[in-house]
Every structure is written in C-alpha cells, then in structure tokens.
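These notes are about the structure you will find just below.
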Amino acid sequence: MAYWFHRNPLKATAPVTYELHGVSTNEATRKIFSDLRLTRAKLLELLTDPNHARETVEKAATDYLSLLMGLCIPMDQNEPENKLRKLIKFKWTNTLLGNVPTEASDTGFEFFSMLFNVALWFTKHAAKVAAKDDPDMEEAKEIHKCLRTAAGIFRFCKDDLRTKLIDPPTEGAQDTDTRVLDAYIQQCTAEAQEITLARAVELKHAVTLIAALAYETADMYQKGDDALVSLDQKDVDKWRKYFQLKNKFYLSCAHSYNGENLLSQDKCGEAIRGLRESVDLYGKAEQLCKEYGQSKGAGTTARPQNHLFFRKLGPVVKRTLEKCDRENGLIYHQKVAFDAPQLELKATYGLVSPEEYKAPALHQLWSADVYSKFSTLNAPKPQPVKKSKEETPAPLPTVKEKETPMSDKDPKNNSGCTIS
C-alpha cells in the first residue's frame, strides 16, 4: 500500500553529553553517564531508518530508557523526587510545529519525547513494509503489530508519562497535548484496522462484516479529526485532511457493502439509497484527496487516490447502483427513501485496539548504593528554560530520515488490497 499512509516527521533533539562534572564520583556513576550518552546516540541514529528490524530498535530503546529510568523515578525513599531529574536541559521539536524546540530541565520530558519518537518509528516501519509490491502474510502481521504497538506507546505517553511531567508546555499543537496524542492513537489504531479490513475484503468474508469493519474504521478516523479541531488549523490542516479523506472513503465502503447486504434481503429501495450515499461519499473523498495534496503542513504526502483499492471502489459502487436501479424498475418497484440507511453496524470480530505498552525495568547498573554515590552538591545549574516569545530557542536541524523505495505497481489480486 505505497503512499497510502500519512506520516509526520520525527522529532529533532539537541545533543546531550551527560557530562556532569562533580556529579559522578566513582567508576559506577561514570559508567552510567557514559552508557546514557552512547545508547542515546545509537537509538537516535537507528530511528532515522525504518528499514531496521523491529527487534533491533526495541532493544536499543530498552537499553537507553532503562538507564534513563534511574534519572526519573524516585530512588531514595527519603527524597521527594529523584535528585538527578532536573540537572540537564533537554530540547525537542514537536512533530507539527517546525524546527523551534521545546525546552525542559526534566528527564521525564526526555523519556516522553524519546518514547514518542520510538512510536513514530513503528509507524514508519509499518508504512515501509506495506509499500512492497505484494506483502505476504508474515509482513501483514508485522504491519499490524507495529501499528498496534505504536498506538499503545502513544497511549502510554498520554495516560502515564504526560501526567508526570514537570510544567508541561501548554501553547499550540505540542506533542504533549492530549489532543495531539489522541489523534496519533486513533490514526495508528485505524490504520491497523485497515489491515484487518483489507484481509476481509480479499478473502471475501461476509459483506455484513466488511461493512461493519469499514464503518468502525471510518469512525476512528472521525475521532482523530475531532481531536484536532480546536487546535490552530495552520498547524494541523494537512493532517486533518488525511483523517477526513480516510473517513469519507471508509464510510463510502461501508455503505457500498451494506447496500449489497440490503439487496440480498430484497430491500432494493433501501439498497439504492445507500449506494447513492456511497457514490456521494466517494466523490467527497476524491475531492479531499486533492485538497490534502495541495495543503501545506508537516509530514509526508500520501497518495491514496492512486491506489487500486481506492480506484476500484468508485466504479464498483456505480455498477452495483445501476444493477439495483434496473432490478427495482423491473422487479421490486420499491420506493427509494429520502434519507440514507443508518449504519448502526458493530463488527463481531476483527476490531483492533492498541497493544499495551510496559516501560522497561530499571537497568541493572542502577542500585540504591550507586544512586547514593551521585553528588548534586557541585552540580552545574542548567541554563534557564526559554518560555517567552522574545526568548525563542534557536531552531534545530530537521532529522534526516532515510528514504524508502515505494512501489507504484498495482497489487496482483482482484480486490486491490495488498494485505492478503
């Protein structure tokens, strides 16, 4: 499914040396700071390339985050918070706000931001695998797994990490904003369900199941769009257009398959009205594809209108509608309702949910005794965080993400779905 998914850019970050002279007092404490620096640099490098194996990135993320945990969580019951938590100032950009970073002297902010980037990598890896000519079953499972994993990580960032941040930023479409996080959760979950729906279409499952899955997928995209509606539209317009076009496309799909079901029940009048609604929604999806392609904003530009799955739906719906019109004129003579049939559809199975994410355990290099050897008496004070508009931090370079080849070939099957 080349160019089927929209992807926002990775977050950029400033280098962190973890060189706190006077804080590390022995070999064990210096080892932790050294490993933090090395594992951070390695993870950041891996995240730029979606071609890496999932297990490679998962291990690198665990290596760094398990070490970072010792600077975040309480390590001494006699302290109100970790004494090392506020010693370093971190800088991270936001996926929707360009290159000007947000700053925070909080290792919790570093944990949140790095894990957020890991979730983005999973979405990009899934898109890379989906872009092959004809992904096989194992690759389809990989795509599905990665998208559910990403959704689970975004949910963990929202429900757990965000609530523990010290003075989180509140202005604009920040990645720490619950609305942005909700949109990412809905997108990843909906895209994973697209994989389930594609397989149901290719294997010619019951039209009632396909209609229900399409309706549920459309609803997820609607929720993603709704999450962004109150943010500044210049920041989220392109992303919203992606949610809207996918919503209209899958609503069209749902009405199309529901129309087939109604016709099989000899409810030709209702089928005609549902199929007319499908044609109308498909036209709206085509228009939104054009608007999406012309809109400015963060992220890569998907090209769903070029994909066979998208291109085939319109003609199929029109042919089915023409058939219904003929049969209604010759056989049924049923009145066509003014209002479209209500899609009160619930999928009995196949629904996708985020995969629960669990933070890594504290790294074995950490212990209460090692922690006690860190001294903050002579710790250098981090530079104050810039918060006013007059003190805007200097922009960070955009992350140079590795390009992945995408095929423009149509899939070799009848449905147009490449995940089969």
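The values are calculated or read from the model by the stated rules, or taken from the named source; none is laboratory data. Being a predicted model, the structure only gives us computed values, none of them experimental. Heads up, the Cβs are rebuilt from the backbone with ideal geometry, glycines too, and the neighbour counts pull from every protein chain shown. Side chains are part of the model used for accessible areas, which takes the heavy atoms of the whole protein and leaves out ligands, DNA and RNA. Shrake-Rupley method; radii C 1.70, N 1.55, O 1.52, S 1.80 Å.
Hey, among ASP167, ASP182, ASP219, which residue is in contact with a strand residue (DSSP E or B) (Cβ under 8 Å, 6 or more places away or on another chain) and of a type in the set (D, E, K, R)?
It is ASP167.
If a residue must be of a type outside the set (D, E, K, R) and either outside any helix (DSSP H, G or I) or surrounded by fewer than 23 Cβ atoms within 10 Å (Cβ to Cβ) (or both), how many such residues does the stretch 219-244 contain?
Step one: filter the stretch 219-244 for residues of a type outside the set (D, E, K, R), giving 220-222, 224, 227-231, 233, 236, 239, 242-244.
This time we only want the ones that are either outside any helix (DSSP H, G or I) or surrounded by fewer than 23 Cβ atoms within 10 Å (Cβ to Cβ) (or both), so: 222, 229-231, 233, 244.
Final tally of qualifying residues: 6.
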| request: Name the single residue, out of those in the stretch 161-177 being assigned to a helix (DSSP H, G or I) and touching a residue at least 24 places away in the same chain (Cβ under 8 Å), that is surrounded by the fewest Cβ atoms within 10 Å (Cβ to Cβ). | output: LYS164
| said: Looking at PRO9 and the list (1) part of a loop (DSSP other than H, G, I, E, B); (2) open to solvent by less than 30 Å² (accessible area, probe 1.4 Å), which single condition is not satisfied? | reply: (2)
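Please pick out the residue among ARG148, ARG179 that is in the same structural domain as LEU10 (by the TED database), among the basic types (Lys, Arg), out of contact with any His (no Cβ under 9 Å at 6 or more places or on another chain) and closer than 13 Å to PRO354 by Cα.
Working: ARG179 fails: closer than 13 Å to PRO354 by Cα.
Sole residue among the options that is in the same structural domain as LEU10 (by the TED database), among the basic types (Lys, Arg), out of contact with any His (no Cβ under 9 Å at 6 or more places or on another chain) and closer than 13 Å to PRO354 by Cα: ARG148.
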| Within the stretch 27-52, how many residues turn out to be open to solvent by less than 20 Å² (accessible area, probe 1.4 Å) and farther than 12 Å from MET114 by Cβ? | 5
| query | Do we have any residue at all in the stretch 254-270 that's aliphatic (A, V, I, L, M) and farther than 30 Å from LYS145 by Cβ? | reply | yes
| Within the group THR107, THR95, which residue is modelled with pLDDT of 95 or more, in contact with a strand residue (DSSP E or B) (Cβ under 9 Å, 6 or more places away or on another chain) and under 18 Å from LEU161 (Cβ atoms)? | THR107
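Give me the helices (runs of 4 or more DSSP H) completely within the stretch 259-378, filtered to those with at least 2 residues that are surrounded by fewer than 17 Cβ atoms within 10 Å (Cβ to Cβ) and not assigned by the TED database to the domain that holds PHE112, ordered by residue number. Give the steps one after another, and end with the answer.
Values: elements: 268-294, 308-327, 368-372.
Result: 268-294, 308-327.
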| Members of the stretch 53-97 found to be over 27 Å from ARG179 (Cβ atoms), buried (at least 21 other Cβ atoms within 10 Å of the Cβ) and β-branched (Val, Ile, Thr), listed by number | ILE88
| query | Is it the case that VAL236 is at pLDDT 95 or above and either out of contact with any Ser or Thr (no Cβ under 6 Å at 6 or more places or on another chain) or among the aromatic types (Phe, Trp, Tyr) (or both)? | reply | yes
| How many residues does the stretch 188-226 contain that are without any contact (Cβ under 8 Å) to a residue 40 or more places away in the chain and among the small types (Gly, Ala, Ser)? | 2
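Of the residues in the stretch 61-95, how many are in a loop (DSSP other than H, G, I, E, B), in contact with a Leu (Cβ under 8 Å, 6 or more places away or on another chain) and either of a type in the set (D, E, K, R) or touching a residue at least 60 places away in the same chain (Cβ under 8 Å) (or both)? If you could, list the steps in order and put the result at the bottom.
Here is the first cut: in the stretch 61-95, the ones in a loop (DSSP other than H, G, I, E, B) are 72-89, 93-95.
Then keep just the ones that are in contact with a Leu (Cβ under 8 Å, 6 or more places away or on another chain); that gives 73, 82, 84-85, 87-88, 93, 95.
If we keep only those that are either of a type in the set (D, E, K, R) or touching a residue at least 60 places away in the same chain (Cβ under 8 Å) (or both) too, we end up with 73, 84-85, 87-88, 93, 95.
Residues flagged as in a loop (DSSP other than H, G, I, E, B), in contact with a Leu (Cβ under 8 Å, 6 or more places away or on another chain) and either of a type in the set (D, E, K, R) or touching a residue at least 60 places away in the same chain (Cβ under 8 Å) (or both) within the stretch 61-95 amount to 7.
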